[in-house]
Structure formats: structure tokens, C-alpha cells
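Notes for the one structure printed next.
A short reminder: the numbers here are calculations on the coordinates, not readings from a lab. Values in this document were obtained by computation on a predicted structure and should not be read as measured data. Positions of Cβ are generated from backbone atoms using ideal geometry, with glycine treated the same way; all protein chains shown enter the neighbour counts.
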């Protein structure tokens, strides 16, 4: 478990400047993102921030995610590192984060967590703002770290560092263009993947983050599906809050 924590710590540190592997795909959802965007724009932004400070109920969350019974995530320290890596948007008046525990029967891995982030601005989030978010995520992308090379003098080579890979992609989420950010790290047989899905909904950027670490391979596409589901749930919750903030 200590190695799992180390790999996730490396992953969190990388998220300050790196984005990762994502598979562009269309996501089917019953949530009308465009309609919720109009509702959010009609709401008072300050009231929206206040309302979003209350997390979605468990019934609103996708299968595999629950609110921490104590109010604090099982992996609070790591979650805090990842929420700090999300960044901000120009003109933001509020940034709200909610961390969720996971059901190991649904979300596999030795360690996993889900995070919903809301960044609320005074005005509608433009296509340019989404471009800037994508560009910021792409900056600092490091190439995969190669394994340690053998020495010519017979000395024991240094241990290989973590292997990383990444990219940033656009996906369709409920008819609206979203940005997917992912980073993968492998160290000593332990793999960790984080998938971030960010979608502009009126004056609010809704961001779903899911991280999974395990010994052996982690299915990045499966983690992406969890992140998409969490983001869609976050959009739906935004619609409910916005209705009451008009």
C-alpha cells in the first residue's frame, strides 16, 4: 500500500502541469446540458456558489460513488492534492469541491476516489475559456520516463523512475464539447490513472475527477467512463441547484 500511495502522490504532483491519455468518444446521457446551461445563466451566481456547497445526495451519484459517512473522504490527503491541481478560470467567483468514496465492488483498485468540482463565473464560459483550460492542461506534458540503462562498467544501474504518459482530448458530453485530461503513472508494478472530464455549463465549469491505483494494469477507458458518469451527475445536480437560485 505504501507504494500505491507513492505512485498516487507522484500522479498528483504531475497534475499541476500535465495532462494524459484519453480516448475520444461520444457519451450517451439523458441530461440536457444545454438546457441546464440556460438555467444556470438565469441564476444568481453568488446563490449558485452557496447552493453548490451542499454535495449531491447519494441517490444523485452514479453507481460506485457515495458521500463519505464522516463527511471526510477516506483518502482526504490525496484528494486535496488533486483538487489543488484543477486550477481556476478567469472571472471565477467561487470554486467548490466535493470528494466521494467508492464502492470497491464497482470501482476496482487498491485505492480510488471521485471528486466533483464546480467553478462558477459571473458570465457564460466561452469557447475561448475552454480552449485556455485545455491549453493549460497540456502545458508541461513530459515524455514517458525510460527504464534505467545498463552501465558499461558492470556497476548496478540506478532504479528506473516512474513511467508516465499523457495527452488531452475533446469529447462530446450530452451534446456539449468537453475536455478530458488524464495522467497515467507506473512504478514498480503499481499503476495509477486519473481521468478528469471538464464541461462548461453556462457560467459554471463542471469537472468530474476519478483516480484509481492498483497493482498491475489499470483500465484507463473504464476510469474515463466513471469520470464521465460523475461529471454528468454533477451537471444534473447543478441544474437542481440553479432552479432554486433564480
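Details
- Each of residue 126 and residue 103 was given a label point 7 Å from its Cα along the Cα-to-Cβ line. The distance between the two points is 4.4 nm.
- When 196, 89, 115 are arranged by Cβ crowding within 10 Å, least crowded first, meaning fewest neighbours, the order is 89, 115, 196.
- Taking each residue as 0.36 nm, the span from residue 32 to residue 50 lengthens on full extension beyond its C-alpha to C-alpha distance by 4.2 nm.
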